[in-house]
Amino acid sequence: MSGVSGGRGPLLAFNFLPVKFTANAFKGGLVDFVSHEQLDSLRAELAETHVVSRTRGGIACVPLTNDAEERGTPTTFVTREYQRLTMKLVQQALIRSVVTWGYKLQSPRRAAFVSRSPDKDLLVKAGGGRLPGTLSELHVYPQYSLDSRTTGPNGGPGVIVTVKTRYEIDLTVEELLTRGIAVRGLYVIGDNGTYQPFPDMDPYGTRRTVGAIDRVDGQDLVLRDAPGATRIAARQAWLESRREVFNNVITSLAGGDAARIIRQLDQEAFDLLGAAGRLKKTTEIAHWLSKEGQLPIARDLSVTLSPPVGTSDASRAARWTRYDEPVFSFDQAGDKTHRYVDHGLNEHGPFDVEFFAKKKPRIAVVMPREHKGIVENFLTKFLHGVPGDSVFGQGFIRKYHLTACEIHLEPFDGGPTDARAYREACQSALQSGDLDLAIVITSEAQVHLTGNDSPYLVAKSVFMGQGVPVQEIQVETARMGKLAHPLNTIALASYAKLGGIPFVIAAPRALAHELVIGIGSAHVKASRNAEAERVVGITTVFSADGNYLLSSTSREADYDEYPRELLRSLTESINAIKSRNAWDPTDEIRLVFHVFKPLKDTEATAVKNLVQDLTGRYAKVEFAFVQISTDHDWVMFDRASTGTSGSRGPVKGYLVPQRGYAVPIGRDEMLVTVSGPMDIKSPLHGAPKPMRLKLHRESTFTDIEYLSRQAFRFTSMSWRRMYPSSKPVTILYSDLIASLLGHLRHVRNWNADAITTKLRWSRWFL
């Protein structure tokens, strides 16, 4: 389905203000580009009179006023031909407007500012209009940014409006210490002299993270993980205002009233950041800008700004397409299908039911002896089902068409945080015979533990080192009264870890052999502020129907060696697939690469080298690099959406679009909604971000519509849970692998080679 917002369909709106130019061209000068130092010098010299920007043909020097001198070769710039330059003029005009409004800038090149007016402080509002004592030194302010874009959902240029919250603790660490607040281990900010002030700068702008507090030494803080000096005066340092730190300070200062204040603060933040609040603020900013009339951006060129796209008839509405949720297949012939994963599994069984080899898997269960009774009852329900329950009445064995499960219990004497006892129990379980899966019972008491102190990570290390995937279950989950949904999720992940294929997408077959490859990376750092020392490339490979084929990691490498290591890892993965699927030299090959961050030159080079090698061996090879992200400034609204609510509780997802709306924001970019009202966890959850897809310029397969539909289908393909994710499985799996690798590398005797050998075909990371 496709159309224009309106009628009985959605009323899609965006945090995007279209601009219209008063002329088709403007005059300026063009200077030959010599160096970046020359560019910086020109910007500094002409800061008050010109906009100076690098453009094709050199450096454009565009005068702002009639009396500004000409600089460079006189040139007429046509707005349509110089879109980037023209929108740079708009950006500079927005910066000047923000300063005129009386705000300070967070960056010299962005119209980003904090509204610190007392009546805008969300914490004051949460406190009922006034805050007692030192609590008034804490603030939560609205933060805005206005950024120009050459194209948006209406097909033309405009300004994107971003709304955030900024948490600030004005009390110095010295003042917090006098009030008995524990600060050890927390990161602090201070002015370390590394950031050069600029005109109209935000007063907090020079503060940077300087390290974590290791100890207090008199009037000084001794820092660890400090990129610069390891000491700073407590009176010149402030706590980094992360949300959990901020709430802890509120709790310490407000005492018994803290819970009420924090609860009300959550509501105030939602009123600003929820879909309704964001759209309201975006509309207000559009009104501020339009009140000024035409906004001059050059000597002979101005712009007018319209209300947000989708909120009025002043601008062209966005064109949208509604993607259908995928249909899932549960057999190779494609005869057994269903729109819902869980119903399909209950009705048909898993996709590979006819050829899955481990019909009687041997599973070890490691647990503290004190939990043995609870765990036995839990395992009975896991294996045989919850009687009378429609979700998990069949149990693991019948639902996944197994003949039986051979369970080996390994209880041990030791507490829930005794990592050594866990290690010995895991080693004992391995001596009992070959294992297909290990279930490890953990607890909430150990969640905060890391490295060798973490029973969970130690157990993962021991079992996975011998090629046995691990399923973690917290004892608190085993104690739950309603177990059907948790059991259903655990069963799905367990079957996948055993090597099973629960389901795939019933996708049309492409003429070419098509692989979808997620590329991620894990950076090896000694600490948060340390420079990354080495990097590991992570690849996950899927067929076009979403079937997970394998994952691979490169060896840890220095940055200059990383492209070669990534190429080696990619080549090994492709070779394994082509041998497995018997590719022929006459075949056509299509490789679709998903990356979560902008593709770096090193990664692009590795992929291009791989493709060039394949091109010489197959009839046709085409490829697409697609950056997929939810870390961006775009927000989509649906003014026709009334949200959803259960039998009890408030409405959630008001003005939030349903999943599957796709809107182009350029020739090679697409927004796709991936979290609808039903996917929002809490009524106070902010407006979910759409998934943004951006096609890399090196791609030879450039059908962004096809690639967007495919990525959307892949958000429903996780074998970790029964419902869709906000990320395609290519990205989700790479993230899971990177996270676990980062934690496991700090465990004694962990051998990362296990995941590229014994566990290569396993879904050990689910």
>> Can you tell me which residue is surrounded by the most Cβ atoms within 10 Å (Cβ to Cβ) among those in region 697-718 that are part of a loop (DSSP other than H, G, I, E, B) and acidic (Asp, Glu)?
In response: Glu698
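Yes/no per residue for (1) in the same structural domain as Val729 (by TED's automatic domain parsing); (2) touching a residue at least 24 places away in the same chain (Cβ under 8 Å); (3) not charged (D, E, K, R):
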| site | (1), (2), (3) |
| --- | --- |
| Val327 | no, yes, yes |
| Phe330 | no, yes, yes |
| Gly334 | no, yes, yes |
| Leu345 | no, yes, yes |
| Gly349 | no, yes, yes |
| Pro361 | no, yes, yes |
| Glu370 | no, no, no |
| Gly373 | no, no, yes |
>> What pairs come out if I take residues in region 225-245 that are more than 19 Å from Thr194 (Cα to Cα) and pair them with residues that are of a type outside the set (A, V, I, L, M, F, W, C) and part of a strand (DSSP E or B) whose C-beta lies under 6 Å away, six or more apart or interchain?
In response: Ser241/Tyr167; Ser241/Glu168
>> Pull out all pairs, ordered by first then second residue, where Cβ-Cβ is under 8 Å, the residues are six or more apart or on different chains, the first lies in region 692-718 and is farther than 25 Å from Ser329 by Cα and of a type in the set (Asp, Glu), and the second is assigned to a loop (DSSP other than H, G, I, E, B) and modelled with pLDDT of 95 or more.
In response: none
> Given the structure, is Gly546 in a loop (DSSP other than H, G, I, E, B) and under 23 Å from the mean Cα position of the chain (by Cα)?
Replying inline: yes
>> I'd like the residue in region 301-325 that is charged (D, E, K, R) and more than 15 Å from Pro657 (Cα to Cα) and, out of all such residues, is surrounded by the fewest Cβ atoms within 10 Å (Cβ to Cβ).
In response: Asp313
> Across region 719-766, what is the total count of residues that are within 17 Å of Ser569 (Cα to Cα), within 24 Å of the chain's Cα centre (by Cα) and not in a helix (DSSP H, G or I)?
Replying inline: 0
> Quick one: is Val210 crowded, with 17+ Cβ neighbours inside 10 Å and without any contact (Cβ under 8 Å) to a residue 60 or more places away in the chain?
Replying inline: yes
>> Based on this model, can you work out whether Ala182 counts as farther than 25 Å from Ser145 by Cα, surrounded by fewer than 16 Cβ atoms within 10 Å (Cβ to Cβ) and of a type outside the set (Phe, Trp, Tyr)?
In response: yes
> Which condition number does Asn66 fail, the rest of (1) polar (S, T, N, Q); (2) touching a residue at least 24 places away in the same chain (Cβ under 8 Å); (3) farther than 30 Å from Ala687 by Cα; (4) surrounded by 13 or more Cβ atoms within 10 Å (Cβ to Cβ) being met?
Replying inline: (4)
>> One residue is enough: does region 727-737 have a residue meeting the conditions polar (S, T, N, Q) and surrounded by fewer than 24 Cβ atoms within 10 Å (Cβ to Cβ)?
In response: no
> How about region 80-123: which of its residues are out of contact with any strand residue (DSSP E or B) (no Cβ under 8 Å at 6 or more places or on another chain) and part of a helix (DSSP H, G or I)?
Replying inline: Gln83, Arg96, Thr100, Pro118, Asp119
>> Looking only at region 378-387, count every residue that is of a type outside the set (A, V, I, L, M) and either without any contact (Cβ under 8 Å) to a residue 24 or more places away in the chain or not in a helix (DSSP H, G or I) (or both) and tell me the total.
In response: 4
> Can you list the strands (runs of 3 or more DSSP E) found entirely within region 430-527 that contain at least 2 residues being surrounded by fewer than 22 Cβ atoms within 10 Å (Cβ to Cβ)?
Replying inline: 470-474, 513-524
>> So Ala93 ticks every box in (1) surrounded by fewer than 21 Cβ atoms within 10 Å (Cβ to Cβ); (2) in the same structural domain as Asp147 (by TED's automatic domain parsing) but one. Which box is left unticked?
In response: (1)
> Does Glu406 satisfy the condition of being surrounded by fewer than 18 Cβ atoms within 10 Å (Cβ to Cβ), assigned by TED's automatic domain parsing to the domain that holds Ala491 and closer than 30 Å to Phe351 by Cα?
Replying inline: yes
>> Out of the residues in region 679-699 meeting the condition of being in contact with a helix residue (DSSP H, G or I) (Cβ under 8 Å, 6 or more places away or on another chain) and modelled with pLDDT of 90 or more, tell me which one is nearest to Val163 (Cα to Cα).
In response: Pro688
>> Please verify whether Gly393 is more than 21 Å from Ile490 (Cβ to Cβ) and either touching a residue at least 12 places away in the same chain (Cβ under 8 Å) or not in a helix (DSSP H, G or I) (or both), treating the condition exactly as stated.
In response: no
> If Asp147 passes every condition in (1) at pLDDT 95 or above; (2) surrounded by fewer than 19 Cβ atoms within 10 Å (Cβ to Cβ); (3) under 20 Å from Phe270 (Cα atoms) but one, which one does it miss?
Replying inline: (3)
>> Please determine whether any residue of region 11-23 is more than 30 Å from Arg166 (Cα to Cα), touching a Leu at 6+ places or on another chain (Cβ under 8 Å), surrounded by 21 or more Cβ atoms within 10 Å (Cβ to Cβ) and of a type in the set (Val, Ile, Thr).
In response: no
> Which one is nearest to Leu301 (Cα to Cα), of the residues in region 11-62 that are in a helix (DSSP H, G or I), free of Cβ contacts under 8 Å to residues at least 12 places away in the same chain and not acidic (Asp, Glu)?
Replying inline: Arg43
>> Quick check on region 265-282. Is at least one of its residues assigned by TED's automatic domain parsing to the domain that holds Tyr167, in a helix (DSSP H, G or I) and without any contact (Cβ under 8 Å) to a residue 60 or more places away in the chain?
In response: yes
> What number of residues within region 599-639 satisfy the criterion of being more than 26 Å from the chain's Cα centre (by Cα), assigned to a loop (DSSP other than H, G, I, E, B) and surrounded by fewer than 16 Cβ atoms within 10 Å (Cβ to Cβ)?
Replying inline: 3
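The values are calculated or read from the model by the stated rules, or taken from the named source; none is laboratory data. It should be emphasised that the depicted structure is a prediction, and the values quoted were computed from it without experimental measurement. Methodologically, a virtual Cβ is constructed for each residue, glycine included, from the backbone with ideal geometry; neighbour enumeration extends over all protein chains shown.
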